[in-house]
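Note sheet for the following structure.
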Amino acid sequence: MTKSLRLVTHSGSFHCDEVLGYAILRRALPPEALAASSLMRTRDQSVIEAADIVWDVGGVFDPARGRFDHHQRGAPVRPDGSPYSSAGLLWAAFGHDAVRAIILAGRGDENVVGKIWTEMDEQVVRLVDLADNGQRPVPDFGDEGLDRAARIADGMALPSLIEVLNLPWDADVIDRALVEDERFARAAEIAGAFLDGRIEQIRARITARDIVLEAHARSADPRVLELDRGMPWQGPAHDADLPVLFAVYPDKGGDAWMVGCMPPEPGSFAQKLPLPEVWAGLRDAELARVSGVPDAVFCHLNRFIAAARSREGALAMARLALADGCP
């Protein structure tokens, strides 16, 4: 018989750390344990002491006893000395289980789980920890540049998104505690959706890296990456220092093949080699006439992407762009 788990965090207004912490627990706990669990938001010490898992309240950090508060003297800190919030403490204890549950069995080995856990810890959970403790991260985007900057910005935005769901101080409600609990549950759904989506994005990017490397090895010209499916390719090509200038891949609708330019860094709209200037902004018959590719469809005005109706047409456009731009 499954033991009923009593989950406790504090009542009143909520912050991102305990909301995200609850979302982590809901994914990490076995389904049967979750179904039998109950959440209580309270500051009643007798309820706290009787609970199985307590976070962000109670004044105790003791993972063996299911206690994850960070407000007391002697609270744990990260190896770099930065403070934890309850989100970081729960992520350290339950995050790997949450990742496994989200990516599902067979969609990643323990190495993938570890990579996802680490990236989430760095780019989301650590930022929630800092925000909850009144600190702001010092931006350091490293070699990944704009792509990493965008991912970090997402993590920094989450606390604000969650905290605006609190009741205003002057809300005219009959039972404030009940409404606050309802809003907490709504906030946890939003935080959980963010958690699910971000983890799946990381998993997909890790999966794409292996596919990109294999596809590049098969491509006829190392400067033109030939993919059978659309996927994140710029980051993997950048990380592996591939000599890619263009990628050719089908669009999601399946009715065209894209020619994408490789940027100097992931997330940038600049190009190592832009498409020919005479193609800029042209479409259909006019582009076909100017380019000499019969099924050319369009070329963006900023010359970072173009399309043809067939793979052969897209490859022809990539080869023409190479001839136009490479000495």
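The values are calculated or read from the model by the stated rules, or taken from the named source; none is laboratory data. Keep in mind that what you see is a predicted model, and the values were worked out from it rather than measured. Here the Cβ is made from the backbone with ideal geometry for all residues, glycine too, and neighbour counts use every protein chain on show. Quick note on the areas: whole protein, heavy atoms, side chains included, nothing else; ligands and nucleic acids left out. Shrake-Rupley method; radii C 1.70, N 1.55, O 1.52, S 1.80 Å.
Would you calculate, for the chain, the mean residue ellipticity at 222 nm contributed by helices, counting each DSSP H stretch of 4 or more residues as -39,500 (n - 2.57) and dividing by all residues, to the nearest 500? Could you put the intermediate results ahead of the total?
Working: 11 runs with 151 residues, N = 327.
That comes out to -15000 deg cm²/dmol.
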Write down Rg/Rh for the stretch 21-107, rounded to two decimals, with Rg from the C-alpha atoms and Rh from the Kirkwood relation over Cα pairs. 1.00
Whole-Hz ³J(HN,Hα) from phi, Karplus 6.51 cos²θ - 1.76 cosθ + 1.60, for the stretch 77-83, glycine and proline x: 10, 6, x, 7, x, 6, x
Over the chain, give the accessible area per residue in Å² for a 1.4 Å probe, as an integer. 50
Taking protein heavy atoms only, a 1.4 Å probe, and rounding to whole percent, the accessible area of the chain owed to carbon and sulfur comes out at 54
Applied in sequence order to the stretch 263-279, the curve 6.51 cos²θ - 1.76 cosθ + 1.60 (Karplus, θ = phi - 60°) yields integer Hz couplings, x standing for Gly and Pro, of x, x, 8, x, x, 7, 9, 6, 10, 4, 9, x, 5, x, 4, 6, 8
Using +1 at the Cβ of each Lys and Arg and -1 at the Cβ of each Asp and Glu in the chain, identify which of SER46, GLY134, TRP117 lies farthest towards the dipole's positive end. TRP117
Would you mind checking which residues have amide H under 5 Å from PHE61's amide H? H placed 1.01 Å from N; only 5 or more apart, or other chain. ASP69
Other-chain or far-sequence residues with amide H under 5 Å of PHE298's (modelled H): ASP284, ALA307
Long-range amide H contacts for MET40: which residues qualify at under 5 Å (H placed 1.01 Å from N, peptide plane, sequence gap of 5 or more or a different chain)? LEU7, VAL8, THR9
Between GLY21, GLY12, GLY88, find the one with the highest GNM mean-square fluctuation for the chain; connect C-alpha pairs within less than 10 Å. GLY12
Where does helix 176-218 land angle-wise versus the long Cα axis of the chain, in degrees 0 to 90, nearest 10? 30
Could you work out how far helix 311-325 tilts from the main Cα principal axis of the chain, as a 0 to 90 degree angle to the nearest 10? 80
Rounded to whole angstrom, the alpha-carbon centroid of the stretch 48-93 lies from that of the stretch 8-47 at a distance of 13
If we count chymotrypsin sites (Phe, Trp or Tyr not before Pro) as exposed when they sit in a DSSP loop and have at most 16 other beta carbons within 10 Å, what is the longest stretch of the chain that avoids them all? 1-140
Which whole-Hz couplings ³J(HN,Hα) result when phi for each residue of the stretch 115-127 is put into the Karplus expression 6.51 cos²θ - 1.76 cosθ + 1.60, θ = phi - 60°, listed in order with x for Gly and Pro? 5, 5, 4, 5, 5, 4, 5, 6, 9, 10, 5, 4, 5
Report, in degrees rounded to the nearest 10, the 0 to 90 angle that the Cα long axis of helix 16-28 makes with the longest principal axis of the chain. 80
Counting only protein heavy atoms and leaving out ligands, DNA and RNA, the solvent-accessible surface of ARG311 at a 1.4 Å probe, in Å² to the nearest 10, equals 60
Going from the alpha-carbon gyration tensor of the stretch 181-327, what semi-axes, largest first and in whole Å, does one get by taking the root of 5 times each eigenvalue? 33, 18, 14
Cα-based shape type of the stretch 4-62, given that a ≥ b ≥ c are square roots of the gyration tensor eigenvalues and the cut on a/c is 1.5: oblate
